[in-house]
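Engineer: The structure follows.
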Amino acid sequence: MAYETIIVEVEDHVAKITLNRPDALNALNSQLLSELVDALQDAQGNDKVRCIVLTGSDKAFAAGADIKMMAEKSFVEVFSGDLFGPEADAIMRVRKPIIAAVSGYALGGGCELAMMCDFIIASDTAKFGQPEINLGVMAGLGGSQRLTRFIGKSKSMDMNLTGRFMDAEEAERAGLVSRVVPAKKLLDEAMSAAQKIAEKSMVSVMAVKEAVNRSYEVPLAEGLLFERRVFHSLFATEDQKEGMAAFAEKREAQFRDK
Ligand code: HXC
């Protein structure tokens with residue numbers, strides 16, 4: 001599929017997907033989200049891809065859902081069409097890890113898209129926010145739910161009720177992002193994290209993603225049991241034998257995803 005709103009490059013087992021609507025600060029419209037879902041599903045099915053990096057421009061990861069596209073929509077239209085729901089569900093079904101590399105604005109749906117990824121690396125210019133309240137609406141893709149789990153109720157209420165932006169340093173302190181790097185180094189840092197992940201056994205990588213995400217869905221005892229059983233099940237893989245043998249033999253493991 002030829003894309004118009006995103007750019008996809010595959011390099012050293014990493015698919016880099018760049019949101020590319022510069023005139024609208026990468027605002028998310030139906031075309032962009034459907035192209036993004038297509039590219040993610042493609043990456044999921046491509047054996048050469050072992051990790052995904054999702055990024056935007058220096059100025060904006062994404063400044064939110066496309067306000068101009070939404071402005072005239074009625075309740076019945078957005079409710080019946082489940083505006084952006086199927087795309088969000090499809091993004092969450094991707095089993096390979098997705099790193100969000102965020103520079104500039106990640107607002108509204110942009111912040112929510114970054115939170116749908118597995119972790120966020122931010123440049124020191126990043127600004128996160130849920131400013132939907134200023135438009136007479138509220139977050140609709142996780143800003144009231146995921147953000148609250150990530151940064152706690154008080155800060156989430158602050159962000160969602162005032163619509164203020166949070167800079168990268170505050171976002172790191174609050175636990176929204178995993179690391180902050182100088183803007184110039186953002187992509188190198190994200191690609192090198194992705195390459196590190198790409199060297200692991202895909203079986204354990206996907207198991208980790210599933211288990212960590214599970215912790216947001218189930219009570220602790222259930223999550224711990226899930227984790228323990230998945231840990232046990234990894235002993236059925238050749239990669240477990242290889243990984244532990246390599247440690248004992250003081251050499252690099254050669255994983256084969258088996
Ligand atoms: C449509 C957008 C846009 C958006 C920016 N643009 N954000 N278009 N939807 N979300 C467009 C502007 O209209 C402008 O187009 C161009 O991008 C550049 O933006 P400026 O505003 O001129 O840039 P600047 O002055 O630097 O301000 C940057 C900004 C501001 C602070 C990020 O653009 C802004 O506040 N954007 C809206 C942020 C927001 O409210 N996001 C939440 C959306 S609701 P022109 O044609 O004039 O040059 C949402 C709901 C999610 O996300 C849930 C869905 C289910």
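Engineer: Name the residues in the range 98-126 that are open to solvent by 10 Å² or more (accessible area, probe 1.4 Å) and within 8 Å of the ligand (Cβ to nearest atom), would you?
Structural biologist: Once the filter is applied, which keeps residues that are open to solvent by 10 Å² or more (accessible area, probe 1.4 Å) and within 8 Å of the ligand (Cβ to nearest atom), the range 98-126 yields Y105, L107.
Engineer: Next question. Is there a residue in the range 155-165 that is open to solvent by 20 Å² or more (accessible area, probe 1.4 Å), in contact (Cβ under 8 Å) with a residue 40 or more places away in the chain and out of contact with any strand residue (DSSP E or B) (no Cβ under 7 Å at 6 or more places or on another chain)?
Structural biologist: First pass over the range 155-165, keeping only residues open to solvent by 20 Å² or more (accessible area, probe 1.4 Å): 155, 157-158, 160-162, 164-165.
Applying the additional criterion that residues be in contact (Cβ under 8 Å) with a residue 40 or more places away in the chain yields 165.
The next check asks that each one be out of contact with any strand residue (DSSP E or B) (no Cβ under 7 Å at 6 or more places or on another chain); those that pass are none.
No: zero hits.
Engineer: Another question, then. Just need a number here: residues in the range 172-185 that are hydrophobic (A, V, I, L, M, F, W, C) and under 15 Å from the mean Cα position of the chain (by Cα). Talk me through it step by step, then tell me what you get.
Structural biologist: The first filter runs over the range 172-185 and keeps only residues hydrophobic (A, V, I, L, M, F, W, C), leaving 174, 176-177, 180-181, 183.
Restricting the remaining residues to those that are under 15 Å from the mean Cα position of the chain (by Cα) gives 176-177.
Count: 2.
Engineer: Additional query: May I ask you to verify whether A65 is open to solvent by 60 Å² or more (accessible area, probe 1.4 Å), within 13 Å of the ligand (Cβ to nearest atom) and of a type in the set (G, A, S)? Let's see the steps before the verdict.
Structural biologist: Numbers: open to solvent by 60 Å² or more (accessible area, probe 1.4 Å): no; within 13 Å of the ligand (Cβ to nearest atom): yes; of a type in the set (G, A, S): yes.
Judged against the criteria, A65 is not a match.
Engineer: Counting only residues that are surrounded by fewer than 20 Cβ atoms within 10 Å (Cβ to Cβ) and within 14 Å of G129 (Cβ to Cβ), how many does the range 166-180 have? Steps first, please.
Structural biologist: Here is the first cut: in the range 166-180, the residues surrounded by fewer than 20 Cβ atoms within 10 Å (Cβ to Cβ) are 167, 169-170, 172-175, 178-179.
Next cut, within 14 Å of G129 (Cβ to Cβ) only: 167, 170, 174.
Of the residues in the range 166-180, 3 are surrounded by fewer than 20 Cβ atoms within 10 Å (Cβ to Cβ) and within 14 Å of G129 (Cβ to Cβ).
Engineer: Further, regarding this structure: Give me a count of the residues in the range 1-21 that are part of a strand (DSSP E or B) and open to solvent by 50 Å² or more (accessible area, probe 1.4 Å).
Structural biologist: Within the range 1-21, the first condition is being part of a strand (DSSP E or B), and the residues that meet it are 6-11, 14-19.
Imposing the further condition that a residue be open to solvent by 50 Å² or more (accessible area, probe 1.4 Å) reduces the set to 7-11.
Here the count works out to 5.
Engineer: Among the residues of the range 12-29, which ones are modelled with pLDDT of 95 or more and within 23 Å of K96 (Cβ to Cβ)?
Structural biologist: The initial filter retains those residues of the range 12-29 that are modelled with pLDDT of 95 or more, namely 13-29.
Answer for the range 12-29, where residues must be modelled with pLDDT of 95 or more and within 23 Å of K96 (Cβ to Cβ): H13, V14, A15, K16, I17, T18, L19, N20, N26, L28.
Engineer: Which ones in the range 134-154 are touching a residue at least 12 places away in the same chain (Cβ under 8 Å), within 12 Å of the ligand (Cβ to nearest atom) and on the phi > 0 side of the Ramachandran plot?
Structural biologist: G142
Engineer: Anything in the range 181-217 that is outside any helix (DSSP H, G or I), in contact (Cβ under 8 Å) with a residue 40 or more places away in the chain and open to solvent by 50 Å² or more (accessible area, probe 1.4 Å)? List them, or say none.
Structural biologist: Looking only at the range 181-217, we keep the residues that are outside any helix (DSSP H, G or I), and these are 181-182, 199-201, 215-217.
From what's left, in contact (Cβ under 8 Å) with a residue 40 or more places away in the chain: 181-182, 199-201, 216.
Correct list: P182, E199, K200, Y216.
Engineer: Looking at R251, is it closer than 29 Å to A15 by Cα, surrounded by fewer than 13 Cβ atoms within 10 Å (Cβ to Cβ) and not hydrophobic (A, V, I, L, M, F, W, C)?
Structural biologist: Yes: the conditions hold for R251.
Engineer: For the range 72-122, enumerate the residues that are free of Cβ contacts under 8 Å to residues at least 12 places away in the same chain and at positive phi.
Structural biologist: D82
Engineer: Something else: Looking only at residues in the range 35-62 that are under 15 Å from the mean Cα position of the chain (by Cα) and part of a strand (DSSP E or B), which one is nearest to the ligand (Cβ to nearest atom)?
Structural biologist: Across the range 35-62, the extreme among qualifying residues is A62.
Engineer: Listed residues N20, N26; which is away from the ligand (no atom under 13 Å from the Cβ) and touching a Ser or Thr at 6+ places or on another chain (Cβ under 7 Å)? Step through it out loud before you land on a result.
Structural biologist: Numbers: N26 fails: away from the ligand (no atom under 13 Å from the Cβ).
None of the other options fit; the residue is N20.
Engineer: Additional query: Quick one: which residue in L54, L83 is open to solvent by 40 Å² or more (accessible area, probe 1.4 Å) and touching a helix residue (DSSP H, G or I) at 6+ places or on another chain (Cβ under 8 Å)? If you could, list the steps in order and put the result at the bottom.
Structural biologist: Working: L54 fails: open to solvent by 40 Å² or more (accessible area, probe 1.4 Å).
Being open to solvent by 40 Å² or more (accessible area, probe 1.4 Å) and touching a helix residue (DSSP H, G or I) at 6+ places or on another chain (Cβ under 8 Å) holds for just one of L54, L83, which is L83.
Engineer: In this structure, is E199 modelled with pLDDT of 95 or more, among the acidic types (D, E) and touching a Ser or Thr at 6+ places or on another chain (Cβ under 9 Å)?
Structural biologist: Numbers: modelled with pLDDT of 95 or more: yes; among the acidic types (D, E): yes; touching a Ser or Thr at 6+ places or on another chain (Cβ under 9 Å): no.
So E199 fails the test.
The values are calculated or read from the model by the stated rules, or taken from the named source; none is laboratory data. Not measured: the values here are computed from a predicted model. Cβ sites come from the backbone with ideal geometry, for glycine too, and all protein chains shown count toward neighbours. Note: accessible area is taken over every heavy atom of the protein model, side chains too, but ligands, DNA and RNA are not part of it. Shrake-Rupley method; radii C 1.70, N 1.55, O 1.52, S 1.80 Å.
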